[in-house]
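FYI, it's all coordinate maths here, none of it is from the lab. Values in this document were obtained by computation on a predicted structure and should not be read as measured data. So basically every Cβ, Gly included, is an ideal-geometry build from the backbone, and we count neighbours across all protein chains shown.
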Amino acid sequence: GAVVSQHPSWVICKSGTSVKIECRSLDFQATTMFWYRQFPKQSLMLMATSNEGSKATYEQGVEKDKFLINHASLTLSTLTVTSAHPEDSSFYICSARDPSRGSNQPQHFGDGTRLSIL
Amino acid sequence: DAKTTQPNSMESNEEEPVHLPCNHSTISGTDYIHWYRQLPSQGPEYVIHGLTSNVNNRMASLAIAEDRKSSTLILHRATLRDAAVYYCILRDVSGNQFYFGTGTSLTVIP
């Protein structure tokens with residue numbers, strides 16, 4: 001079945017640094033990918049929709065200059081948390097749908113990236 | 001986006017059936033009902049989805065009310081590995097985004 005892979009699975013870094021998270025679709029091409037953030041004991045919150053070859057669409061309240069999204073190929077989207085601070089510590093999850101399987105097929109989620117900012 | 005309402009938590013004994021309810025009274029005619037589950041420190045995992053008719057797969061069954069304002073995810077025989085947060089999500093056929101509600105945290109008692 002379709003698989004979405006995220007890297008790294010966890011990262012710890014100092015406040016002020018930038019962190020890049022990769023999301024890859026391993027056996028299908030994804031023109032659209034999605035980025036979520038999840039705080040402890042809370043639900044997933046959609047941050048943005050990543051569109052291959054064009055600008056990402058951000059949800060209301062998400063800072064586009066803080067969370068840079070690049071979707072340069074049909075199998076890779078990256079999320080860069082710029083100048084990260086402790087309040088950016090969270091579980092970041094990406095997802096994608098295989099468009100070749102029809103318009104209402106399931107989303108496939110990565111295993112998430114645990115980001116801890118010291 | 002149409003919202004869903006689920007109980008915050010439920011418990012089940014191991015090897016017994018579990019019925020997880022979801023209310024979606026504002027569902028539109030083109031909204032599909034999707035269920036995902038999330039184990040601790042993992043991304044969500046697809047369980048099942050449907051539009052109007054009841055659906056079965058190897059993981060679970062989905063029972064959809066005739067007026068489509070509610071649905072029930074049925075795990076026929078709960079195991080300890082089924083302990084997770086279960087999310088009921090509505091998704092319009094023309095859209096891609098998933099908006100997660102609070103979900104139901106299922107505890108399976110040995």
Treating only Lys and Arg (+1) and Asp and Glu (-1) as charged, each at its beta carbon, one finds that chain B has a dipole about its Cα centre, in Debye to the nearest 20, of 160 debye
The value for the protein assembly as shown (convex hull of the alpha-carbon atoms, volume per residue, Å³) is 121 Å³
Output field shielding_mean for A:37-50 (other chain Cβ, 10 Å radius) holds 3
Chain A: antiparallel bridges as % of DSSP beta bridges, rounded to 5, reads 90 percent
One point scatterer per Cα, no solvent, Debye formula: log10 I(q)/I(0) for chain B at q = 0.11, 0.12, 0.15, 0.16 Å⁻¹ comes out as -0.31, -0.37, -0.58, -0.66
By the rule of no other cysteine beta carbon under 4.7 Å, the lone cysteines of chain A are A:13
In nm², the average projected area of the convex hull spanned by the Cα atoms of segment A:45-107 is 5.1 nm²
For residue B:108, the net charge from surrounding residues (Cβ-Cβ under 10 Å; K, R +1; D, E -1) works out to -4
Restricting to lysines and to Cα separations under 27 Å from residue A:64, and discarding same-chain partners fewer than 8 apart, the set is A:14, A:20, A:41, A:55, B:3
With +1 at each Lys and Arg Cβ and -1 at each Asp and Glu Cβ, the charge dipole magnitude of the protein assembly as shown around its Cα centre, to the nearest 20 debye, comes out at 340 debye
Across 5 Å bins beginning at 0, the whole-percent shares of Cα-Cα pair distances in segment A:74-118 come to 5, 18, 22, 18, 14, 10, 8, 5, 1
Mean other chain Cβ within 10 Å across A:106-115 is 5
Partner shielding of B:37-46, as the mean number of partner chain Cβ atoms within 10 Å, equals 6
With +1 at each Lys and Arg Cβ and -1 at each Asp and Glu Cβ, the charge dipole magnitude of segment A:47-118 around its Cα centre, to the nearest 20 debye, comes out at 180 debye
dims of chain A, Cα set, principal axes, largest to smallest, nearest Å -> 42, 27, 22
Expressed as a whole-number percentage, the relative contact order of chain B with C-alpha contacts under 8 angstrom and at least six residues apart is 37 percent
Here the relative contact order (percent) of chain A, from C-alpha pairs under 8 Å and at least 6 apart, is 36 percent
Label model pair residue A:3, residue B:59: point-to-point distance (7 angstrom along the Cα→beta-carbon line) in nm is 1.7 nm
Given Cβ charges of +1 for Lys and Arg and -1 for Asp and Glu, the option among B:97, B:29, B:73 whose Cα lies farthest towards the positive end of the dipole of chain B is B:97
